[in-house]
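*Asks:* Submitted below is the structure of interest, expressed as structure tokens.
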Amino acid sequence: MSHILILADISPSGDVRGDTQALISAAAQWGIPVAVATVPPGAGEAVATKLGALGAEKVFIAENEHAHTALTAPQLEGLTQAAHQFDPQAILLSHTHDGQDIAGRAAVRLGAAVNADVVAITKSDNAFTTTHSVFGGSFVVEASANGGAPMIITVRPGAFEASAVTAVAPEVTTASVSVDPAGAAALGNVHATGETSSRPDLRTAKKVVSGGKGLGSKDDFVLVEQLADALGAAVGSSRAAVDAGYAPQTRQVGQTGITVSPDLYIALGISGAIQHRAGMQTSKVIVAVDKDQDAPIFDIADYGVVGDVFTIVPQLIQAIGERQRQQV
Amino acid sequence: MKILVLVKEVPDTWGERKLDPASGRVDRESVDPVLDEIGERAIEAALTIKGSDKSTEVIVVSMSPSSASKSLRKGLAMGATSAIHLADEALRGADMLLTAEALSVLIQNEGFDLVIAGNESTDGRGGMIPAMVAEHLGVPHVTFLESIEISGNRVSGVRGADSGMVEVSANLPAVASITERLPDPRFPNFKGILSAKKKPYTTVTLAELGVDAARPVSSVIVSSRERPARSGGIKIVDSGNAGRDLAEFLAQNRLL
Ligand SMILES: Cc1cc2nc3c(=O)[nH]c(=O)nc-3n(C[C@H](O)[C@H](O)[C@H](O)COP(=O)(O)OP(=O)(O)OC[C@H]3O[C@@H](n4cnc5c(N)ncnc54)[C@H](O)[C@@H]3O)c2cc1C
């Protein structure tokens, strides 16, 4: 069986994060999943155990003292060495900022084709085909690569689900990799977004409530959060609401923000500019509340309410509460 | 300081970029090619650096069809020093590998202290060209910046990440990419538009760069289909009961 490399996302405290588990599950369908992790010297054993527990049959630990102080260079070095050692058929990374940078540089370094922002992968006749959701889901494109292995694939965050795995004691290779820190960007202070949220993750949430410029102020944006909490939904926003400071950038839904495809998307005070629709139009059911009866969001809403969010949403929250109380 | 700014011409995401400010409605029929908004912001970032050090040269660089000269001229009208246009029929449909290689050869020939690009184009959205170019050039990348500054021999900024914001910095020469969190681009004024006509504008071909468009490896599209467009469903006007009606709709659809 061929090897499939996946780049593990390891936090400075040694946690396995992001879509690492989903990537390992995906890789296991097509070959021997080899998780590549770059860590500071000495941190490898604990990380390898965790990756084995997630189903990685082999683990390549790349040790480098700059693992968490240099921007992506140590991870790139680790991935490249692992690629030379395992001669993989494919390399899977998450389509995050780090993943994009590492995939791009690795493609140049390895002379490999790269298929980016993939939402599904199929393998037949020993070749991979990747599926891409383009122009906000208006088109579905399938792509492959000419010229042989490895094929580098970045997977849209949240697109793959982690499946149940049998924990294995992985076969571990440890190598020390060297990078010249002067040839890479240095990482400095981290400013947390300050969001400690118990809400579901926006990318994978089954329900999303988004607020726009129509909320009028950061204080009043709380209404969006209240409805989200009543529904157990994630909170999103339009770019105009982000620009106005009502919501952090990490919540922006749209062409240049996050793409979501929940079962339910509720847009509050969002006009539905084409760039916003590009990030949510593949939602199963779309509900919109907007004062302007001509707002383009109504062109795609399964249920549109023309009216004021400040009267309709509190009533909706109350009605949801009444129904929930009747159910218990 | 010599700053090369990578820009792309893309289909206008607005259709025709004239719209009713009240409703935000756009003409969706039109796909006029425009200078990508993120590229305009990258030019803005470079011009801001030039603003504090007048000796800075800002060169807009684009790999695009020969018809894209209007977009490059816009960069000149905004205040860039000169423009280089890589136009070659053989580049039609180029994947990221070929694009990055061709741009890198051009950049290397031209010489640079800093390359600034948008984080990702609105059409391709791969978001890897800046890192790929950095790899070809053998320099550090500082990407997805929400602010950018030069001090001495270093470029620094704040990079957005899921877990928060992180300060990053690198020695020049380097490749940077910026996000739409950077300030809005300036509008070219009349004087800028006039002077743009007289600024140096160079066109180059692949043969001049010595790059072969034929590739041993490439990413290829095998199929493409359009999803049926969505249409509107129920639309009600609130007359005092819409919140409860909406709760009923959600309950009926098992969404509560
Ligand atoms: C290259 C590019 C990329 C972009 N990327 C994105 C993106 O990723 N995501 C994105 O969202 N946008 C994006 N945009 C911006 C987009 O074009 C719109 O400007 C933006 O989506 C508008 O946000 P909005 O609907 O919140 O604001 P507006 O268009 O101002 O709409 C506000 C709405 O609120 C309604 N309203 C006001 N008060 C009330 C009330 N009390 N009750 C009910 N309704 C009320 C108004 O009727 C109006 O329809 C992009 C633009 C460009 C050019």
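*Asks:* Among B:Asp88, B:Asp95, B:Asp113, which is open to solvent by less than 40 Å² (accessible area, probe 1.4 Å) and at negative phi?
*Replies:* Among B:Asp88, B:Asp95, B:Asp113, only B:Asp95 is open to solvent by less than 40 Å² (accessible area, probe 1.4 Å) and at negative phi.
*Asks:* Turning to a different aspect of this structure: Has the range A:100-114 got any residue that is under 17 Å from A:Ala26 (Cα atoms), small (Gly, Ala, Ser) and at pLDDT 95 or above?
*Replies:* Among the residues of the range A:100-114, not one is under 17 Å from A:Ala26 (Cα atoms), small (Gly, Ala, Ser) and at pLDDT 95 or above, which makes the answer no.
*Asks:* Could you list, in sequence order, the residues of the range A:226-251 that are open to solvent by less than 20 Å² (accessible area, probe 1.4 Å) and in contact (Cβ under 8 Å) with a residue 24 or more places away in the chain?
*Replies:* Passing the criteria: A:Leu227, A:Ala228, A:Leu231, A:Ala233, A:Ala234, A:Val235, A:Gly236, A:Ser237, A:Ser238, A:Ala241, A:Ala247.
*Asks:* To continue, here is another question. Among residues belonging to the range A:131-146 that are over 17 Å from the mean Cα position of the chain (by Cα) and assigned to a loop (DSSP other than H, G, I, E, B), point out the one that is surrounded by the most Cβ atoms within 10 Å (Cβ to Cβ).
*Replies:* Per the stated criteria, the residue is A:Phe135.
*Asks:* Residues of the range A:204-225 being surrounded by fewer than 19 Cβ atoms within 10 Å (Cβ to Cβ) and away from the ligand (no atom under 13 Å from the Cβ), which ones?
*Replies:* Selection gives A:Thr204, A:Lys206, A:Lys218, A:Asp219, A:Val222, A:Glu225.
*Asks:* Collect the residues in the range A:152-164 that are of a type in the set (A, V, I, L, M) and surrounded by 19 or more Cβ atoms within 10 Å (Cβ to Cβ), keeping them in residue-number order.
*Replies:* A:Ile152, A:Ile153, A:Val155, A:Ala159
*Asks:* Among the candidates A:Ala175, A:Ala167, A:Ala149, single out the residue that is open to solvent by 60 Å² or more (accessible area, probe 1.4 Å) and under 30 Å from B:Val139 (Cβ atoms).
*Replies:* A:Ala149
*Asks:* Among what's in the range A:279-289 and is at the interface with chain B (Cβ under 8 Å from one of its Cβ atoms) and in contact (Cβ under 8 Å) with a residue 60 or more places away in the chain, pick the residue that is nearest to the ligand (Cβ to nearest atom).
*Replies:* In this case the residue turns out to be A:Gln281.
*Asks:* Please report, ordered by residue number, the strands (runs of 3 or more DSSP E) entirely within the range A:209-328 with at least 2 residues that are within 29 Å of A:Val119 (Cβ to Cβ) and of a type outside the set (Ser, Thr, Tyr).
*Replies:* The qualifying strands (runs of 3 or more DSSP E) are A:234-237, A:264-268, A:285-290.
*Asks:* I'm checking my understanding of the structure. Among residues of the range A:297-323 that are open to solvent by 30 Å² or more (accessible area, probe 1.4 Å), in contact (Cβ under 8 Å) with a residue 12 or more places away in the chain and over 29 Å from the mean Cα position of the chain (by Cα), which one is farthest from the other protein chains (Cβ to nearest Cβ)?
*Replies:* The extreme case among them is A:Phe310.
The values are calculated or read from the model by the stated rules, or taken from the named source; none is laboratory data. Everything numeric in this text was worked out from a predicted model, so none of it was measured. Neighbour counts run over all protein chains shown; Cβ positions are idealised from the backbone, glycine included. Remember, those area values only see protein heavy atoms, side chains included, never the ligands or the DNA or RNA. Shrake-Rupley method; radii C 1.70, N 1.55, O 1.52, S 1.80 Å.
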